[in-house]
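The values are calculated or read from the model by the stated rules, or taken from the named source; none is laboratory data. Nothing here was measured: the structure is a model prediction, and the numbers come from that model. Neighbour counts are summed over all protein chains in view; Cβ atoms, including those assigned to glycine, are modelled from backbone coordinates with ideal geometry. The area values use the complete protein model at the heavy-atom level, side chains included, leaving out ligands, DNA and RNA. Shrake-Rupley method; radii C 1.70, N 1.55, O 1.52, S 1.80 Å.
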Amino acid sequence: MNVRKYFIIVATVVILLTSVAVFWWPAVLWSTIITLPIILIGLMDTFNRKSAIKRNFPVIGHFRYLLESFRPEIQQYFVENDTDGKPINRMFRSLIYQRAKNITDTMPFGTKMDVYRVGYEWLNHSIYAKDIHEMEHDPRVVVGQKNCSKPYSMSLLNVSAMSFGSLSANAILALNKGARLGGFAHNTGEGGISLHHLQNSGDLIWQVGTGYFGCRTKDGNFCPDTFAKKAIFEQVKMIEIKLSQGAKPGHGGILPAAKNTKEIALIRDVEPFTDVLSPTYHKAFSDPNGLLNLIQKMRILSGGKPVGFKLCIGNPTEFEEICNAMVATQITPDFITIDGSEGGTGAAPVEFSNSLGMPLREGLNIAVSLLKKYDLKKDIIVIASGKILTAFHMARVFALGADACNSARAMMMALGCIQALQCNTNTCPVGVATQDNGLMKGLDVNDKAVRVNYYHANTIKAFQELLAAAGLTSAQQLTKKSIFRRISMTDFVTYDEIYK
């Protein structure tokens with residue numbers, strides 16, 4: 001429902017009727033004194049570009065911020081008394097909003113975490129801290145140095161896979177423009193490349209899933225010809241084959257019929273206004289050798305761009321089989337993205353989200369350990385993806401061997417996501433995860449792009465400050481011995497002791 005449109009119509013009618021009535025019934029003047037300020041506030045809301053909630057829901061949107069103003073005091077009390085994680089999640093959300101708005105992200109009265117809670121983690125500092133101003137301003141990692149004629153210099157933090165269709169056109173435009181402003185990469189998600197991905201010329205990682213959207217034949221198989229035509233786009237810097245997604249491994253993607261518009265159907269080569277279910281497996285290959293051959297084929301078809309794959313680790317022996325195949329064929333991916341079961345999604349069965357797949361840190365440790373065992377890690381960039389929100393979250397995965405990070409949840413919050421949990425209903429109130437044009441227009445692309453850029457820049461800066469405080473000068477110097485975890489009131493261990 002387009003509340004903004006109806007408010008403008010009602011406000012116009014009320015003003016006209018009141019203007020006429022006030023000359024005939026002076027009593028109407030008193031009601032005008034009450035209603036006119038409300039109407040004026042509403043009209044201001046409809047034209048504001050900073051808040052999608054106020055723009056989409058004039059006047060009543062203010063109540064959300066009124067209630068939110070009480071939250072810091074409530075949150076500070078409950079953070080150490082609630083064990084379900086929700087208060088801590090709210091704290092992270094506040095931090096992301098602050099960084100996206102480029103306002104101070106410091107907190108008074110010390111830590112909001114219970115440092116004696118089992119599971120509490122920390123990074124030890126050094127009395128020989130480094131000067132952050134002497135560190136690299138824009139730390140990056142090069143993907144595809146060994147195999148590619150067009151390697152890509154990648155930021156340490158990037159936008160994780162989120163498809164157009166799941167997200168609105170304005171959300172995609174804002175994410176991509178933010179990526180261009182900040183010089184980081186934007187993963188398209190398995191929905192394929194749309195004009196909205198290309199319009200602002202931000203760097204793209206083109207994800208190709210089991211549905212082969214944007215490069216498929218009519219019967220749903222991989223089409224080399226259409227792939228080659230899009231892979232050579234200047235904006236496409238890397239290609240990622242999606243084997244599985246952390247939040248729903250082995251399930252395939254879901255696009256509800258309500259969100260499958262004619263535009264999206266054209267991009268994906270499917271019928272509009274129908275539920276689009278990605279297959280649970282790839283038709284282009286059925287074993288490790290087939291996967292590696294497809295990687296090599298895509299690398300050639302793209303003109304020498306980096307090609308890799310993404311997966312949530314399941315049976316470790318299957319990943320080891322891929323490593324064996326790399327050694328036997330001498331074909332290696334340029335990067336591997338490890339997703340965790342704690343990753344997000346707009347739609348998945350509860351059992352899949354809660355109880356299937358390996359969490360990020362365990363999966364990352366297994367993948368990196370096996371790559372090192374077969375002497376493959378030196379040529380393969382490992383990207384970590386799964387609920388990475390803060391600089392400390394980045395530090396944890398770098399300590400386990402990651403070379404870069406992707407984040408979806410935090411980037412959505414930087415866009416203005418309020419976690420209304422309506423991603424799969426097409427009624428997202430802030431216009432992030434919807435195809436409703438009325439709601440989508442509430443998301444101002446230019447304003448949100450700047451916020452995405454600010455979130456990225458401020459989080460990278462915070463990460464470098466952590467490194468400097470620990471006496472380190474680069475992310476690669478973090479090891480399993482750098483991170484500590486409490487296992488009881490009196491005992492703690494390092495990641496080196498946990499992740500064998």
Handout entry: Per-selection Rg to Rh, region 260-357 - Cα, Kirkwood hydrodynamic radius
Key = 1.02
Completion exercise
Rounded to the nearest Å, the spacing of the alpha-carbon centers of region 400-464 and region 296-331 is 30 Å
Practice task
Mind grabbing the accessible area of ILE193 for me, 1.4 Å probe, Å², rounded to tens?
Solution key: 20 Å²
Fill in the blank from the handout: Checked against the positive end of the charge dipole of region 297-360 (+1 on Cβ of Lys and Arg, -1 on Cβ of Asp and Glu, about the Cα centre), the farthest of ILE338, VAL327, PRO306 is PRO306
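Where the accessible area of region 234-324 is counted over protein heavy atoms with a 1.4 Å probe, how much of it, in %, is carbon and sulfur? If you can, show how the numbers build up before the last one.
Values: 2040 of 3770 Å².
Exposed carbon and sulfur together represent 54 percent of the surface.
In what sequence, highest mean first, do 305-315, 93-103, 182-192 appear when ranked by Cβ atoms within 10 angstrom? Please report the intermediate quantities before stating the final value.
Values: 305-315: 23.0, 93-103: 18.9, 182-192: 25.2.
Ranked from most to least packed, the peptides come out as 182-192, 305-315, 93-103.
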Practice task
Hey, for a label at LYS481 modelled as a point 7 Å past Cα toward Cβ, could you say which residues of region 119-144 have their backbone N under 15 Å away?
Solution key: 124-126
Handout entry: Members of LYS237/LYS461; LYS283/LYS378; LYS310/LYS377; LYS146/LYS387; LYS229/LYS378; LYS373/LYS481 lying beyond 22 Å, as alpha-carbon distances in this model show
Key = LYS237/LYS461; LYS283/LYS378; LYS146/LYS387; LYS229/LYS378
Handout entry: Backbone N within region 340-369 under 12 Å of label point (7 Å from THR280 Cα along the Cβ vector)
Key = 352
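Accessible area per residue, 1.4 Å probe, Å², for region 251-303: what's the number?
Values: 2680 Å² over 53 residues.
Computed with neighbouring chains in place, this is 51 Å² per residue.
Please list 260-268, 332-340, 124-132 highest first by mean number of surrounding beta-carbon atoms within 10 Å per residue.
Numbers: 260-268: 17.8, 332-340: 26.2, 124-132: 11.2.
Per-residue Cβ counts within 10 Å, averaged per peptide and sorted highest first, yield 332-340, 260-268, 124-132.
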Handout entry: Additional length obtainable on full extension of the chain from ALA469 to SER369, 0.36 nm per residue less Cα span
Key = 33.2 nm
Practice task
Take the Cα pairs of region 345-458, get the Kirkwood Rh, then feed it into Stokes-Einstein at 20 °C and 1.002 mPa s and tell me D in µm²/s.
Solution key: 131 µm²/s
Problem - Shape category assigned to region 300-372 from the gyration tensor of Cα positions, a/c cut at 1.5 - result: oblate
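Calculate, for region 356-500, the solvent-accessible area per residue in square angstrom, rolling a 1.4 angstrom probe over the heavy atoms of the protein chains.
Accessible surface, normalised per residue, equals 36 Å².
Compare the peptides 446-457, 472-483 by average per-residue count of other Cβ atoms within 10 angstrom and give them in order, highest first.
Details: 446-457: 22.2, 472-483: 17.6.
Those peptides, ordered most packed to least, come out 446-457, 472-483.
So, R0 is 30 Å and r is the distance between the beta-carbons of ASN437 and THR226; what FRET efficiency does that work out to, to 0.05?
Details: r = 28 Å, r/R0 = 0.95.
So the FRET efficiency works out to roughly 0.60.
Quick one: dipole size for region 170-298, taken about the Cα centre, charges +1 on Lys/Arg Cβ and -1 on Asp/Glu Cβ, in debye to the nearest 20.
Values: 14 positive and 11 negative charges, 31 e Å.
About 160 debye.
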Practice task
Using only the alpha carbons of region 92-173, determine the length spanned along each of the three principal axes and report them from longest to shortest in whole angstroms.
Solution key: 49, 38, 30
